[in-house]
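What follows is one structure encoded as structure tokens, with my remarks underneath.
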Amino acid sequence: MKTLQTLIQQLNCISISGPIDQEIDALVYDSRLAKPGALFFAIQGTQTDGHQFIPQVIEAGCKAIVCSESIQAPEHIAVIRVKDTQEAMATVASVFYNHPSSQLKLVAVTGTNGKTTVATLLFQLFRSFGHHVGLISTVQNQIDEEIIPATHTTPDSVKLNQLLALMVERGCEYAFMEASSHAIHQRRVGGLKFTGVCFTNITHDHLDYHLTFDNYLKAKKQLFDEVNPDAFALVNKDDRNGMVMLQNTQASRYTYGLKQMADFKARLIEHDFNGMLLEIDSQEAWFRLVGHFNAYNLLCVYGCAFLLGKSREEIITHLSNLGSVRGRFEYIRSSNGIHGIIDYAHTPDALENILSTINQIRTGNEELITVVGCGGNRDSAKRPIMADVASSQSTRAIFTSDNPRNENPEHILDEMQKGVKPLHYKRTLRISDRKEAIKTAVSLAKPGDVILVAGKGHETYQEIQGVRHPFDDKQVLAELFDLFNPNPKKA
């Protein structure tokens, strides 16, 4: 509990009215959670504007409001007007929870693809070193062994600081988090003190929100522009926008890459479905992850761990023992030798990386059957591109439903099919029912063939018309493997 006066000291306020000596015991931006003792933030969101709920908030007993518009309120209500309510909430949340990000070593990972893998591997790596560690990711939030379900890639600033404060309370020395472009743009990570920030890559995604690629790029870059001077900034030099991230940063600058000269350098020597042989800074080691894209992820983890003070030898030793991340190139095999791969790839670049890796590993005689869809109520411009990638790099592509949300799945499939070149028409199917699509892939596959189920990865649900139905790609594929190719040992 802190006084309102203490909480708003760091804000650039346009105006302040009403009593600011009152005690605040909760921070809320959802009017349904308003109560006596709470400080309400009127957020202008993409769907609703919190200012319209201020009368209800006051009626619920809330006596302190932060807003960006001029409002009329009774004299006993404290009204703090600021330019950006979301930024103000992030600053206040940090103060309210005693600046938890400054009490541990916090590293943020941003980029289109690879965020989850890099953050999770860093968490696993530092756990293997014997440290108490926190993780904030798309898949789940975690404090050592305790798993805390995740609802967003990056939580809102109040939940984020609350979670970091809990990590501090539990004795965490390090915390690794994904920083999505939405979260950076919406100031959810504002007010945090980062020890380091990492950039993986940037490709076509989230243009439904950012509208242009340039806006998307600027959102990512903002993390580097605003990071504190005593932090480090580590970027993928092989990505054409990697050095753009470093243009205005005050942090110490470092790079990694497989192609160009960089501070941390690696070379992929060989790989198969079980892993890859990688040379990092002249040291060879076998890693249990697969593909060029994971070589970049491993190198990012390696560079970050080194910048956090670990020796090159101990990093490689521990990193080589870590397995794949849930829903990221997860590999299963049927009893009769069909290869199954589950991956979260939901952008054209991520899908191309996965398919390219599989095509490099297979000899060419096996079939590659790709099951893929596109989410509803999201960036529709990538739908034909995804279909083009899948149909051109697979021997057969089955277009299906992903999370259609409130869209008609058939409409999504129509938009996907527009991207298929005439040359590839015959190798594509469309089956909107996702389980039926996977079932068809399994029925078509022969021993040695590869089935890629892409788009949902770690998710254990399918969202249809606002309702989440249980659905786990890996579980469904495994069950169908058993159904079509029963293991004789189980009989």
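The values are calculated or read from the model by the stated rules, or taken from the named source; none is laboratory data. None of these values were measured; they are calculated from a predicted model. When we count neighbours, we look across all protein chains shown, and the Cβ atoms used for this are built from the backbone with ideal geometry, even at glycine. We work out accessible area using only protein heavy atoms, side chains counted, and drop any ligands, DNA or RNA first. Shrake-Rupley method; radii C 1.70, N 1.55, O 1.52, S 1.80 Å.
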How about the stretch 112-137: which of its residues are surrounded by 21 or more Cβ atoms within 10 Å (Cβ to Cβ), touching a Lys or Arg at 6+ places or on another chain (Cβ under 7 Å) and part of a loop (DSSP other than H, G, I, E, B)? none
Out of Ile8, Ile14, I need the residue that is farther than 20 Å from Asn98 by Cβ and among the hydrophobic types (A, V, I, L, M, F, W, C). Which one? Ile14
Hits in the stretch 462-490 - residues which are closer than 10 Å to Asn403 by Cβ and either at pLDDT below 90 or open to solvent by less than 50 Å² (accessible area, probe 1.4 Å) (or both): Gln462, Glu463, Phe471
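With a cut-off of at least 3 residues that are in contact with a Pro (Cβ under 8 Å, 6 or more places away or on another chain), name the helices (runs of 4 or more DSSP H) lying wholly within the stretch 382-491.
Because the criterion is at least 3 residues that are in contact with a Pro (Cβ under 8 Å, 6 or more places away or on another chain), the helices (runs of 4 or more DSSP H) in the stretch 382-491 that meet it are 383-393, 409-417.
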Search the stretch 80-111 for residues being part of a helix (DSSP H, G or I) and of a type in the set (Gly, Ala, Ser), and hand back the single one that is farthest from Ala183 (Cα to Cα). Ser102
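Just checking, does the stretch 247-261 include any residue being among the hydroxyl-bearing types (Ser, Thr, Tyr), open to solvent by less than 30 Å² (accessible area, probe 1.4 Å) and under 23 Å from Glu314 (Cα atoms)? Talk me through it step by step, then tell me what you get.
As a first pass, look at the stretch 247-261 and keep what is among the hydroxyl-bearing types (Ser, Thr, Tyr): 249, 252, 254-256.
Next, only the ones that are open to solvent by less than 30 Å² (accessible area, probe 1.4 Å) stay: 249, 255-256.
Applying the additional criterion that residues be under 23 Å from Glu314 (Cα atoms) yields 255-256.
Yes, the stretch 247-261 contains a residue that is among the hydroxyl-bearing types (Ser, Thr, Tyr), open to solvent by less than 30 Å² (accessible area, probe 1.4 Å) and under 23 Å from Glu314 (Cα atoms).
Of the residues that make up the stretch 438-459, is at least one over 18 Å from Asn336 (Cα atoms) and surrounded by fewer than 18 Cβ atoms within 10 Å (Cβ to Cβ)? It would help to see each step written out before you state the result.
At the first step, the residues of the stretch 438-459 found to be over 18 Å from Asn336 (Cα atoms) are 453-459.
Pick out the ones that are also surrounded by fewer than 18 Cβ atoms within 10 Å (Cβ to Cβ) and you get none.
No, because not a single residue in the stretch 438-459 is over 18 Å from Asn336 (Cα atoms) and surrounded by fewer than 18 Cβ atoms within 10 Å (Cβ to Cβ).
Need a quick list: strands (runs of 3 or more DSSP E) entirely within the stretch 214-322 having at least 1 residues that are over 23 Å from the mean Cα position of the chain (by Cα) and modelled with pLDDT of 95 or more.
On the way: elements: 232-236, 252-257, 264-272, 275-280, 283-287.
Ranges flagged: 252-257, 264-272, 275-280, 283-287.
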